[in-house]
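What follows is one structure encoded as structure tokens, with my remarks underneath.
Nothing in this text is a laboratory measurement; each read-out follows from the coordinates by a stated rule. Quantities reported herein were computed from a predicted structural model and do not represent experimental measurements. Methodologically, a virtual Cβ is constructed for each residue, glycine included, from the backbone with ideal geometry; neighbour enumeration extends over all protein chains shown.
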Amino acid sequence: MEHIDSWPDFVRRLFWEYDLADLSWEEDRNLIIRRILCEGNHRAIRWLRENVSDAGLRHWLLERSGDHLSPRQLRFWELMLDLPSDQVDSWVEQRRRSIWHSRTGA
């Protein structure tokens, strides 16, 4: 994959707080995928899917238990990538418990 400087503006904009010259696909792949899945618009996600196979994204999500994705995003990817429902249910429940716990301190 080309250096991030050659990526489209709608992808580079997602990394506003980074010096783009310091980011590389090889070293920062997890950060890049997570940021695009969590904060990217339709165009950025489409771009990601053109550069990472659906099998690769599925593996990434399963390996990281849906790393930082919201319950809504997890449900979307469950359908798009045929993720196991029981695992996604568990991730969603963890997110909801985490939100409740942070609000109540319980």
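Can you give the helix-only mean residue ellipticity at 222 nm for the chain, where every DSSP H stretch with n ≥ 4 adds -39500 (n - 2.57) and the sum goes over all residues, rounded to the nearest 500 deg cm²/dmol? Result for the chain: -20500 deg cm²/dmol, rounded to the nearest 500.
Dividing the convex hull volume of the alpha-carbon atoms in the range 1-52 by its residue count gives 71 Å³ per residue. For the range 1-93, chymotrypsin sites (Phe, Trp or Tyr not before Pro) are listed when DSSP marks them as loop and at most 16 other Cβ atoms sit within 10 Å of their Cβ; the list is Trp16, Tyr18. Under the criterion of Cα pairs below 8 Å and six or more residues apart, the relative contact order for the range 1-52 equals 38 percent.
Here Phe10 and His59 are evaluated by their C-beta separation; at R0 = 41 Å the FRET efficiency comes out at 0.95. Counting only Cα atoms, I'd like the Rg/Rh figure for the chain, Kirkwood definition for Rh. The Rg/Rh ratio comes out at 1.01.
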